[in-house]
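Here's the structure, in structure tokens; my notes come after.
The values are calculated or read from the model by the stated rules, or taken from the named source; none is laboratory data. This is a predicted model, so every value here is computed, not measured. Cβ coordinates were reconstructed from backbone atoms using ideal geometry, including for glycine residues, and neighbour counts include every protein chain displayed.
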Amino acid sequence: MPARGTSLRSVISQPSADAPAPLSGHQLTIRSGDHEATITDVGAKVRRYAVGGRDVFTPFDADEVAPAGHGAVLAPWPNRLRDGQYTFAGTQYQVEISEPPTATALHGLVMWQRWGVAQVDDADHAAGAAVTLELRLPASGGYPFDLHLTVTYRLSTQGLHVTTTALNRGSTPAPYGVGFHPWLSPGAGSLDDCTFRLDAATRVLVDDRLLPTGTEPAAGDYDLRSPRSVRGLDLDDAYLDIVRDDAGLSWAMLTGADGRTAAVWMDESMDCWQVCTGDHITPAWRRTGLAAEPMSCIADAFRTGDRLVVLEPGASHEVTWGATLL
């Protein structure tokens, strides 16, 4: 593993492929003040983020497979792709169906790839601690494009700051979207004892496969622009028409029974949210947190073209989001 205090500008050697590792991957822990985050090289996931011992993200064990996209990078598309099929530049492609109940390809291709550790600075100083991971996504029959992905997790006493860049190293344009899958923690209490706020005005309507069919103004139980109780709320919904504060940030905020608020923000590089209360995931993990997912596009963008990024050869795309405990 990288040496403590190594300059962020330094290139760090990879952990040995033969080195023992927990199921979630090699662990990279960074600290700043009472903020602590652990990143795994499998999927470049945030396995745990806590402040003063209070979880901001619902954690999972090191020797455990991430249960429901917990902490994952979602690329080159977030959410679901109908039938795993799409047409781009006149050619039809088929990727593997990864969610059989909906017959969709869920959350892209990088969640289970082992990323390389490119740079690290785990020293606790004014600039914060940081780790950068990278992945040269292998081209495949269903996605025959050459992407180089880089994600930097920087932790300061203000919170977690995440920057992700995709570079098209190939000779042809590539379709692209990106999202992230943090699950906000209710703390020691129940999710039912929390309130939730989301800065967005429009809800995306879906069919029984959770694929978009249209939109409507967020209303009733789905209007989350003011904090409301999570008790009885069953969400697995995307939101558009993002509301931003004076700094240009849009927020998702889960306030627990302890009065602390686990919060995720995204800047103007993304303009979609997906939120999920986890009512329909693996029973052991149901309603143990609330997913607040910043995304560059909603489900099925490879088919609809809605907010789809087309990366020209040599072009890059960068997004920024973060999290903190208030």
(message) I'd like the residue in the range 204-241 that is in contact with a helix residue (DSSP H, G or I) (Cβ under 9 Å, 6 or more places away or on another chain) and farther than 17 Å from M253 by Cα and, out of all such residues, is surrounded by the fewest Cβ atoms within 10 Å (Cβ to Cβ).
(response) D208
(request) Identify the residue in the range 101-145 that is among the charged types (D, E, K, R) and under 21 Å from the mean Cα position of the chain (by Cα) and, among all such residues, is surrounded by the fewest Cβ atoms within 10 Å (Cβ to Cβ). (result) R136
(message) Condition check: over 20 Å from G71 (Cα atoms), at pLDDT 95 or above, charged (D, E, K, R) and out of contact with any helix residue (DSSP H, G or I) (no Cβ under 9 Å at 6 or more places or on another chain). Does D193 satisfy that?
(response) yes
(request) Look at C272 and say whether it is at pLDDT 95 or above and surrounded by 23 or more Cβ atoms within 10 Å (Cβ to Cβ). (result) yes
(message) It is to be established whether one or more residues within the range 99-119 are under 20 Å from V264 (Cα atoms), among the small types (G, A, S) and touching a Leu at 6+ places or on another chain (Cβ under 8 Å).
(response) no
(message) One residue is enough: does the range 286-297 have a residue meeting the conditions part of a strand (DSSP E or B), touching a strand residue (DSSP E or B) at 6+ places or on another chain (Cβ under 8 Å) and of a type in the set (V, I, T)?
(response) no
(message) Given the options G177, G170, name the one that is crowded, with 22+ Cβ neighbours inside 10 Å, of a type outside the set (S, T, N, Q) and closer than 18 Å to V309 by Cβ.
(response) G177
(message) Within the range 298-310, take every residue that is in a loop (DSSP other than H, G, I, E, B) and of a type in the set (G, A, S) and give me the one that is surrounded by the fewest Cβ atoms within 10 Å (Cβ to Cβ).
(response) G305
(message) As an exercise: evaluate V264 against (1) among the aliphatic types (A, V, I, L, M); (2) out of contact with any Ser or Thr (no Cβ under 8 Å at 6 or more places or on another chain); (3) assigned to a loop (DSSP other than H, G, I, E, B) and give the number of the one condition it does not meet.
(response) (3)
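Residue-wise test of (1) surrounded by fewer than 18 Cβ atoms within 10 Å (Cβ to Cβ); (2) at pLDDT 95 or above; (3) touching a helix residue (DSSP H, G or I) at 6+ places or on another chain (Cβ under 7 Å).
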| position | (1), (2), (3) |
| --- | --- |
| S7 | yes, no, no |
| S10 | yes, no, no |
| Y49 | no, yes, no |
| V73 | no, yes, no |
| W77 | no, yes, yes |
| Q85 | yes, yes, no |
(request) May I ask you to list pairs of residues, at least six apart or on different chains, whose Cβ atoms are under 9 Å apart, with the first in the range 88-104 being farther than 12 Å from P144 by Cβ and the second being among the hydrophobic types (A, V, I, L, M, F, W, C) and assigned to a strand (DSSP E or B)? (result) E96/A105; I97/A105; I97/L106; S98/A105; S98/L106; E99/A105; E99/L106; T104/L81
